[in-house]
Ligand code: PLP
């Protein structure tokens, strides 16, 4: 006998007729094989069309740091809608920009954009204009947006293993302009300053920029090796290369000053996005040294965008950064405390069921991996580990816990003890189901 379709299954059939794959992106969140459509959200919980409740550690790919239904945040958006919805320059610009400059060490000047993808491209353009050189260096396992010149490709050293054949790979794509990767960038292993130095010795006069996630969250939330960032900083100085930290995830999640504050290494340019505006509306930002940003003042470099600096976005930045910074960053400290509880529970329960599990990376943007050994380099993120991580991700969703792409855990500032208890009572089943396949 045929089973009746649930409300959401019926909805999926309808939406898939027009929406490719039933989703708005190709990030292959495993629980979106059959997309979940949401109808309601409160604090850290979301409800789907069938009435099922989830703990939301997906947080819109890490953007949503303020928690659902955050009154202070929502009020600031409502006030802006009522007052001035659409102008190019707005009376909250100064406050929002001053907050960013106060917390992000490299932010001597700042421009707003909308997406991380576009702001990364603007950073590269500025670096090329500033140095008069053409190429940039990027690293295996790092992600910098949905643009032809920066996704996937072959490393300079072809022997280097690249985890590009797994199901969730979002870094390679067909249809890009021919030779664009080879002509624009060098792809090398991260966390190995010797490889970078060798490349700069050979090609330093062609290289305008080095771009990296200072913690490689997209490659499994891998921390930089001790002193690595400092070494890269000094190599960039030596070879007149612009150092770009892509802090679109780590900015405001790894503490309010991002990874650059934590590690005491100041890049020349920083790209910010996601949590900068709380996660309810899109804002990205390019922050950097005055001397480089001066090219925008002088109009030598174009930075364009119809909606750049739109009032709702600016109000959201101001509200988010005020909340995150209040009382010496109390909100982030509390968020990290709850997140730590959750990670400890996950590890302890995994041990009980005998599933190998490591949780690594900064509290605000950690990742779990189904292995006993912490990844020290994104290149170690093997197909086998990733496959299990994806299965666990799916099982977590089945059991009421949503996590982000592959294995990422994104807490928000509304997490409370009830959420920690919910996690404890729902995670075990997901771990057991994954262990059965191990
Ligand atoms: N840079 C990093 C480190 C990211 O994680 C992302 C998105 O996940 C981007 C850039 C691209 O940002 P967006 O998706 O807003 O274009």
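For segment 285-293, indicate whether the set of residues that are in contact with a helix residue (DSSP H, G or I) (Cβ under 7 Å, 6 or more places away or on another chain), under 20 Å from residue 107 (Cα atoms) and surrounded by fewer than 24 Cβ atoms within 10 Å (Cβ to Cβ) is non-empty.
There is at least one residue in segment 285-293 that is in contact with a helix residue (DSSP H, G or I) (Cβ under 7 Å, 6 or more places away or on another chain), under 20 Å from residue 107 (Cα atoms) and surrounded by fewer than 24 Cβ atoms within 10 Å (Cβ to Cβ).
For segment 204-234, which positions are in contact with a strand residue (DSSP E or B) (Cβ under 7 Å, 6 or more places away or on another chain) and assigned to a helix (DSSP H, G or I)?
Hits for segment 204-234 are 232, 233.
Kindly evaluate residue 366 against the criterion of being in contact with a strand residue (DSSP E or B) (Cβ under 8 Å, 6 or more places away or on another chain) and more than 24 Å from residue 225 (Cα to Cα).
Working: in contact with a strand residue (DSSP E or B) (Cβ under 8 Å, 6 or more places away or on another chain): yes; more than 24 Å from residue 225 (Cα to Cα): no.
Here the answer is no, as residue 366 does not meet what is asked.
Cβ-Cβ distance below 7 Å, separation of 6 or more or different chains: which pairs start in segment 1-25 with a residue that is assigned to a loop (DSSP other than H, G, I, E, B) and end on one that is surrounded by 14 or more Cβ atoms within 10 Å (Cβ to Cβ)?
Going by the 7 Å Cβ cut-off, the qualifying pairs are 23/32; 23/35.
Just for segment 84-103: of the residues that are surrounded by 18 or more Cβ atoms within 10 Å (Cβ to Cβ) and out of contact with any helix residue (DSSP H, G or I) (no Cβ under 6 Å at 6 or more places or on another chain), which one is farthest from residue 212 (Cα to Cα)?
Out of the qualifying residues, it is 97.
If I filter segment 84-100 for residues that are within 27 Å of residue 366 (Cβ to Cβ) and touching a residue at least 60 places away in the same chain (Cβ under 8 Å), do I get at least one hit? Reasoning before the result, please.
Going through segment 84-100, the residues within 27 Å of residue 366 (Cβ to Cβ) turn out to be 99-100.
Those left that are additionally touching a residue at least 60 places away in the same chain (Cβ under 8 Å): 99-100.
Within segment 84-100 (the criterion being within 27 Å of residue 366 (Cβ to Cβ) and touching a residue at least 60 places away in the same chain (Cβ under 8 Å)), the answer is yes, since at least one residue qualifies.
From (1) assigned to a loop (DSSP other than H, G, I, E, B); (2) within 16 Å of the ligand (Cβ to nearest atom); (3) under 25 Å from residue 386 (Cα atoms); (4) touching a residue at least 40 places away in the same chain (Cβ under 8 Å), pick out the condition that doesn't hold for residue 187.
Condition not satisfied by residue 187: (1).
Identify, please: which residue in segment 313-332 is within 16 Å of the ligand (Cβ to nearest atom) and over 14 Å from residue 102 (Cβ atoms) and is, among those, surrounded by the fewest Cβ atoms within 10 Å (Cβ to Cβ)? Reasoning before the result, please.
The first filter runs over segment 313-332 and keeps only residues within 16 Å of the ligand (Cβ to nearest atom), leaving 313, 316-317, 320.
Still in the running and over 14 Å from residue 102 (Cβ atoms): 313, 316.
On the way: 313: 28, 316: 26.
Taking the candidates together, the pick is 316.
Could you say which residue among 25, 54 is surrounded by fewer than 17 Cβ atoms within 10 Å (Cβ to Cβ), outside the structural domain of residue 253 (by TED's automatic domain parsing) and within 27 Å of the chain's Cα centre (by Cα)?
Of the residues listed, the single one that is surrounded by fewer than 17 Cβ atoms within 10 Å (Cβ to Cβ), outside the structural domain of residue 253 (by TED's automatic domain parsing) and within 27 Å of the chain's Cα centre (by Cα) is 25.
Among 242, 222, 265, 232, which is the only one that is within 16 Å of the ligand (Cβ to nearest atom) and either within 29 Å of residue 309 (Cα to Cα) or at pLDDT 95 or above (or both)? It would help to see each step written out before you state the result.
Numbers: 242 fails: within 16 Å of the ligand (Cβ to nearest atom); 265 fails: within 16 Å of the ligand (Cβ to nearest atom); 232 fails: within 16 Å of the ligand (Cβ to nearest atom).
Answer to the check: 222.
Based on what the data block shows, is residue 307 away from the ligand (no atom under 13 Å from the Cβ) and without any contact (Cβ under 8 Å) to a residue 60 or more places away in the chain?
Details: away from the ligand (no atom under 13 Å from the Cβ): yes; without any contact (Cβ under 8 Å) to a residue 60 or more places away in the chain: no.
Judged against the criteria, residue 307 is not a match.
The values are calculated or read from the model by the stated rules, or taken from the named source; none is laboratory data. The shown structure was predicted, so the numbers you read here are calculated from the model rather than taken from an experiment. So basically every Cβ, Gly included, is an ideal-geometry build from the backbone, and we count neighbours across all protein chains shown.
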